[in-house]
Amino acid sequence: MNETIANNTKPNHYYTGIGRRKTSSATVYLRTSGSGKIEIIKRGKKKKRSLEEFFTNSTNSLLCKEKIMKPLKLLNKQNDCDLKILVEGGGTTGQLEAISLGISRVLLELFPDCRATLKGFGLLTRDPRRVERKKIGLKKARKAPQFSKR
């Protein structure tokens, strides 16, 4: 029996996972037979960028890389698979956490027995917090105009 069939994976086959956070969404394509290459493409743009090039403007790009690679490092798959990531909307933090959730969901699809590990580190939970809308009569969502008694 072929080992790739026994592991329930096909060579050069992409597995997909979608992660969302705030207003950003990330679609992650994972190829099982790879060398650990990561390509990030902002939707609407044609330019493929590496992880270091994409998160250069953020305050600490090293922490960004650690956060994205955490699901892969937990399962020791950082050098076994290639990632192609399409990112859309939001800011740096939202995109970062959307990518992390997308990678976790792809790994869960590929390795269902690792659910407890990923869930234990909180990597499968979608963060539901969003920006609260502005209300009528207020300056922002909750900030009221200054009160003057006299």
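Quick notes
- The calculated Kirkwood hydrodynamic radius for the range 14-79 is 13.2 Å, given to one decimal from all distinct C-alpha pairs.
- Built amide H within the under 5 Å cut-off of Lys42, gap 5+: Val87
- Qualifying trypsin sites (Lys or Arg not before Pro) in the range 35-96, DSSP loop, other Cβ atoms within 10 Å at most 15: Lys37, Arg43, Lys45, Lys46, Lys47
- Restricting the calculation to alpha carbons of the chain gives Rg and Dmax of 19.3, 87 angstrom.
- Entry comment: accessible area of the chain is 67 Å² per residue, from protein heavy atoms only and a probe of 1.4 Å.
- Electrostatic bookkeeping for Lys70 treats Lys and Arg as +1 and Asp and Glu as -1; over the other residues with beta carbon under 13 Å from its beta carbon, the sum is +2.
- The residues neighbouring Lys48, those whose beta-carbon lies less than 14 Å from its own, together hold a net charge of +4 under the Lys/Arg +1, Asp/Glu -1 convention.
- In this view, the solvent-accessible surface of Thr125, computed with a 1.4 Å probe and all protein chains in place, comes to about 100 Å².
- Computed over the range 9-142: relative contact order in percent, which uses C-alpha pairs under 8 Å that are six or more apart: 34
- Reference-scaled alpha-carbon Rg (2.2 N^0.38 Å with N residues) for the range 65-150: 1.63
- Within the full protein context, the accessible area of Ser61 is estimated at about 60 Å² for a probe radius of 1.4 Å.
- Estimated vicinal HN-Hα couplings, Hz - the range 22-38 in sequence order (Karplus 6.51, -1.76, 1.60; Gly, Pro = x): 6, 9, 9, 9, 9, 9, 10, 10, 10, 9, 5, 8, x, 10, x, 7, 10
- Based on DSSP H segments of at least four residues, each scored -39500 (n - 2.57), the chain has a per-residue ellipticity at 222 nm of -9000 deg cm²/dmol.
The values are calculated or read from the model by the stated rules, or taken from the named source; none is laboratory data. Computed from a predicted model, the values in this text were never measured in an experiment. All Cβ positions, glycine included, derive from the backbone under ideal geometry; neighbour counts span all protein chains shown. Keep in mind that these areas ignore ligands, DNA and RNA; they rest on the heavy atoms of the full protein, side chains included. Shrake-Rupley method; radii C 1.70, N 1.55, O 1.52, S 1.80 Å.
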